[in-house]
Amino acid sequence: MRESAFALVGPVDGARVLDLFAGSGAMGLEALSRGASRCVFVEREREACRVIERNLGKLRLTGAVVLCLDVLHAAREELARRHVYDLVLIDAPYDDWERYQAPLGELLGGLLADDGLAVVETAAKVEAELPLDLVTSRRYGSARISVFSR
């Protein structure tokens, strides 16, 4: 999925990235390894946060912050701090996407840079809807990747 998502996004050199529902951090780590300048990982599970921190150390990647918080809480804090991102990665648990879709939609407009992209992974049967411009939506087996622009 990482390869497919980054093939749709293109180069991320110097990008500021926000990885929501980071899990193991694989997507944000991929962005950093591809030249992103900064990545904020947001994950509420403490053990997953520790895994991300260990992986950052092992890979010696810099420019990262791990926020062990609820996604909506962290997104509101980033918005209040006026932090903007060139790329926002969203991989909510498939069963929870509908619960997060509307509140994230409200926050993304303020979190994305003017030419920023949001990449959303959902179950294949789910078409993500956000108040952004849909660039593309592609199905990959049991998953779908949708790319939105501001």
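The values are calculated or read from the model by the stated rules, or taken from the named source; none is laboratory data. The model shown is predicted, which means the values in this text are computed figures rather than measured ones. Glycine gets a Cβ as well: all are built from the backbone with ideal geometry, and neighbour counts include every protein chain shown.
Considering each of Gly105, Gly141 in turn, give the residue that is at pLDDT below 95 and either farther than 20 Å from Ala7 by Cβ or of a type in the set (Gly, Ala, Ser) (or both).
Gly141
What residue, of Val135, Val147, Val120, is surrounded by fewer than 16 Cβ atoms within 10 Å (Cβ to Cβ), part of a strand (DSSP E or B) and out of contact with any Lys or Arg (no Cβ under 8 Å at 6 or more places or on another chain)?
Val135 is the lone residue from the list that is surrounded by fewer than 16 Cβ atoms within 10 Å (Cβ to Cβ), part of a strand (DSSP E or B) and out of contact with any Lys or Arg (no Cβ under 8 Å at 6 or more places or on another chain).
Show the residue pairs meeting these rules: Cβ distance below 9 Å; 6+ apart or different chains; first residue within the stretch 111-127 and free of Cβ contacts under 8 Å to residues at least 60 places away in the same chain and hydroxyl-bearing (Ser, Thr, Tyr); second residue in a strand (DSSP E or B) and surrounded by fewer than 22 Cβ atoms within 10 Å (Cβ to Cβ).
Thr122/Ala143; Thr122/Arg144
Taking the stretch 77-106 only, how many residues are of a type in the set (A, V, I, L, M), in contact (Cβ under 8 Å) with a residue 24 or more places away in the chain and not in a strand (DSSP E or B)?
So the answer is 4.
Being assigned to a helix (DSSP H, G or I), of a type outside the set (Lys, Arg) and farther than 24 Å from Asp13 by Cβ narrows it down to one residue among Ala74, Ala128; which is it?
Exactly one residue qualifies, and that residue is Ala74.
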